[in-house]
Amino acid sequence: MILNGLTRTTIKGSLLLNRGLRLYSGMVKDSSETTHFGYQTVSTREKENLVKGVFSSVASNYDLMNDIMSMGVHRLWKTHFINKLDAGMRPGTDRPLAFLDVAGGTGDIAFGLLDHAKHKFQDIQSTMTVADINPDMLMEGERRCVVQTSYGRSPRIQFLEQNGETLDKIEDNSKDVYTIAFGIRNFTDIQAGLNTAYRVLKPGGVFACLEFSHVDNSLVDTVYQTYSFSLLPLMGQLVANDRDSYQYLVESIRKFPKQEEFAGMVRKAGFYVPGKGYEDLTFGVAAIHIGVKL
């Protein structure tokens with residue numbers, strides 16, 4: 001009911017294999033102690049603090065940052081993302097949904113999902129947890145919740161400081177919809193984050209990710225890369241007085257797995273991935289990835 005067009009049929013043997021791989025990968029620790037922070041090589045412990053620093057720096061200008069990085073198109077992508085999920089408690093049912101928006105500090109996806117459920121399905125009961133590792137982003141989200149929405153004093157929404165790779169305060173099999181927008185590429189261990197998404201979702205729950213991705217048209221990609229590497233850091237310096245954060249964000253997009261690879265990682269976590277598993281937006285500048293926990 002949550003996502004139109006999704007089928008729950010799949011080959012059981014393939015699903016069991018995916019679950020087995022997920023469990024095995026969760027047991028085996030990566031022996032490497034380094035990872036990437038943009039194009040830099042840093043320790044895994046250091047990356048978490050560096051990413052926190054980036055988003056503390058841009059928290060109050062987060063929408064401006066996304067406007068610069070996407071030339072304003074991120075607002076259309078987010079609206080499409082929310083409409084594609086089409087999530088909400090349907091009329092005639094009595095089971096509210098439990099939403100979880102990870103790396104959702106400023107709340108735009110969370111508020112949009114609740115608004116969609118209310119306006120389309122008259123759903124005023126479903127709940128939302130906004131989880132983010134960065135307290136400055138959460139503070140900005142809570143401020144916006146009070147100032148800009150009707151959910152400010154509502155028990156239906158909570159903001160929770162959490163590492164998206166572990167979500168240790170979120171119970172197993174407790175959420176109906178897990179969303180993450182422009183956040184998962186900043187994880188130190190992306191596969192661990194996907195495995196955790198699988199853990200916290202209920203059977204039948206939907207994983208949905210909106211992320212900057214890779215353009216497959218060479219001409220468009222040339223223009224996009226020129227804009228990204230030549231203009232974005234400069235605009236970050238001129239508009240937000242923060243060149244370094246924008247330089248990292250551009251580099252982090254290039255380091256993120258390509259669409260097919262990331263869809264494979266979603267499968268490895270145990271999810272059923274419908275079709276090819278993703279939808280390209282604006283020539284692949286961004287993509288939506290979907291997985292279902294059967």
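Computed values, structure above
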{"item": "First in the range 115-128 and assigned to a helix (DSSP H, G or I), second anywhere and of a type in the set (D, E, K, R), Cβ under 6 Å, 6 or more apart", "result": "Ala117/Asp123; Phe121/Arg90"}
{"item": "In the range 157-188, residue nearest to Leu114 (Cα to Cα) [restricted to those that are surrounded by fewer than 24 Cβ atoms within 10 Å (Cβ to Cβ) and of a type in the set (D, E, K, R)]", "result": "Asp176"}
{"item": "Failed criterion for Gly204 (all others in (1) within 15 Å of the chain's Cα centre (by Cα); (2) assigned to a strand (DSSP E or B) hold)", "result": "(1)"}
{"item": "Selection status of Tyr224, crowded, with 20+ Cβ neighbours inside 10 Å and in contact (Cβ under 8 Å) with a residue 24 or more places away in the chain", "result": "no"}
{"item": "Residue match in the range 240-254 (condition: at pLDDT 85 or above and within 16 Å of the chain's Cα centre (by Cα))", "result": "yes"}
{"item": "Qualifying residue in the range 95-112 (condition: open to solvent by 60 Å² or more (accessible area, probe 1.4 Å) and either outside any helix (DSSP H, G or I) or farther than 24 Å from Thr196 by Cβ (or both))", "result": "yes"}
{"item": "Residues located in the range 258-293, provided they are closer than 15 Å to Ile180 by Cβ, assigned to a strand (DSSP E or B) and open to solvent by 30 Å² or more (accessible area, probe 1.4 Å)", "result": "Tyr278"}
{"item": "Leading residue by the ranking (modelled with the lowest pLDDT) among those in the range 66-89 that are among the charged types (D, E, K, R) and open to solvent by 40 Å² or more (accessible area, probe 1.4 Å)", "result": "Asp67"}
{"item": "Condition check for Arg90: free of Cβ contacts under 8 Å to residues at least 12 places away in the same chain and out of contact with any strand residue (DSSP E or B) (no Cβ under 7 Å at 6 or more places or on another chain)", "result": "no"}
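The values are calculated or read from the model by the stated rules, or taken from the named source; none is laboratory data. The shown structure was predicted, so the numbers you read here are calculated from the model rather than taken from an experiment. Quick reminder, even Gly has a Cβ in these numbers, built from the backbone with ideal geometry, and neighbours come from all protein chains shown. Just the protein is used for accessible areas: all its heavy atoms, side chains included, with ligands, DNA and RNA removed. Shrake-Rupley method; radii C 1.70, N 1.55, O 1.52, S 1.80 Å.
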